[in-house]
Amino acid sequence: MIVDENSNPFELGCATEVFGLRRPELGFRPYEFGLCAARPRTLMRDGFFTLTGVAGLALADAADTVIVPNRPDTWVARRAAVLDAVRRAHERGARLIGFCSGAFTLAEAGVLDGRRATAHWQWADEFRSRFPAVRLEPDVLFVDDGDILTSAGSAAALDLGLHVVRRDFGVEVAASVSRRLVFAAHRDGGQRQFVERPVPEVRDESLGPLLAWAKERLDGPLSVASLAARAGVSQATLHRRFRAQLGTTPLAWLTGERVAYACRLIERGEARLDVVARRSGLGTAANLRTRMRSQTGLSPSEYRGRFGPGRAGRDRSQL
């Protein structure tokens, strides 16, 4: 991860938590993580503290994944040395990640032209005016455009970080990391950045108990109607609550949970697609293939080859 003058400590902390900590419970170390900067002393956001003792930018030249710096003063040009490091990383095929205003760093380096990206909603107009060649998607949590990934502000850095872990090592490893973070294992990148959370006037309308109940019954005939019946509300009311609290629909949430469970079954060694489809509630092997391809970009067989027993990346580490 590159840090630069006035970088945000929060996203630095998110990256360290997701990629930098040892994970003895996994039995292997998913990543080798390091910090680097253009100068020996880097003053962090608003002068909160000065970062010293980190490597120079040469560290980024050897990394498989480079997280670029983000900062609140988006109008201030990034250091030329930092932009050059980003360009070199892109040219040699490294994966690039921009948290929050990190999209400005990527765009300023010229690697986002013609590409999809997102950033914090409050900077959408500025970003569009400065970088019209970038296909900005301002109302989502994160964008995975292959070798360049960007996230919206604050907690969306954790969403994107866990998405990267899931992409690299599968659902089981990502779920383990999320449990350590006490954070949702998966929020789809297409969810809205700003989710209204109305305060209940009389009774608790949290979806938590309903979601927990549904997750225990994914192999059953769950439907939006049955979820609404369990919650004791109409389907229209259930849709409103899902939109307000999760930024998605009941059906999309249910399908996502079933695909995630199917992935876990495959990772644990279940090779029979009809069994995976039945136990995850996806019904048929054909529907399983369609849904997995849509949500993970992989067919069941491709997912097994990448994340099946003994193949979940346990023999490799990434910087």
For this session: Can you confirm whether the range 69-85 contains a residue that is closer than 24 Å to Tyr31 by Cβ and in a helix (DSSP H, G or I)?
Result: yes
Exercise. Under the condition of being surrounded by 15 or more Cβ atoms within 10 Å (Cβ to Cβ) and part of a loop (DSSP other than H, G, I, E, B), which residue from the range 236-269 is modelled with the highest pLDDT?
Worked result: Thr248
Exercise. Does Ala58 count as touching a residue at least 24 places away in the same chain (Cβ under 8 Å), among the small types (Gly, Ala, Ser) and either assigned to a helix (DSSP H, G or I) or not assigned by TED's automatic domain parsing to the domain that holds Ala152 (or both)?
Worked result: no
For this session: Please enumerate the residues belonging to the range 124-157 that are surrounded by 17 or more Cβ atoms within 10 Å (Cβ to Cβ), farther than 19 Å from Pro72 by Cβ and of a type in the set (A, V, I, L, M).
Result: Val134, Val140, Leu141, Val143, Ile148, Leu149
Problem set entry | Some residue of the range 186-201 being at pLDDT 80 or above, surrounded by 16 or more Cβ atoms within 10 Å (Cβ to Cβ) and not in a helix (DSSP H, G or I) | no
Seminar exercise, completed: The lone condition Thr296 fails out of (1) surrounded by 19 or more Cβ atoms within 10 Å (Cβ to Cβ); (2) out of contact with any Cys (no Cβ under 8 Å at 6 or more places or on another chain); (3) without any contact (Cβ under 8 Å) to a residue 40 or more places away in the chain is (2)
Exercise. Does Ala81 fit the bill of being touching a residue at least 60 places away in the same chain (Cβ under 8 Å) and either within 24 Å of Ala38 (Cα to Cα) or crowded, with 22+ Cβ neighbours inside 10 Å (or both)?
Worked result: no
Seminar exercise, completed: Considering residues that are small (Gly, Ala, Ser) and part of a helix (DSSP H, G or I), the number found within the range 270-298 is 5
Seminar exercise, completed: Given (1) over 12 Å from the mean Cα position of the chain (by Cα); (2) part of a strand (DSSP E or B), Leu149 misses just (1)
Seminar exercise, completed: Filtering the range 1-47 down to residues that are under 22 Å from Phe104 (Cα atoms), assigned to a helix (DSSP H, G or I) and among the β-branched types (Val, Ile, Thr) yields Thr16
For this session: For the range 105-123, state whether one or more residues are in contact with a Lys or Arg (Cβ under 8 Å, 6 or more places away or on another chain), crowded, with 22+ Cβ neighbours inside 10 Å and assigned to a helix (DSSP H, G or I).
Result: yes
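The values are calculated or read from the model by the stated rules, or taken from the named source; none is laboratory data. Note that the structure is predicted; figures quoted are calculated from it, not measured. Counting neighbours? That spans all protein chains shown, and the Cβs are built from the backbone with ideal geometry, glycine included.
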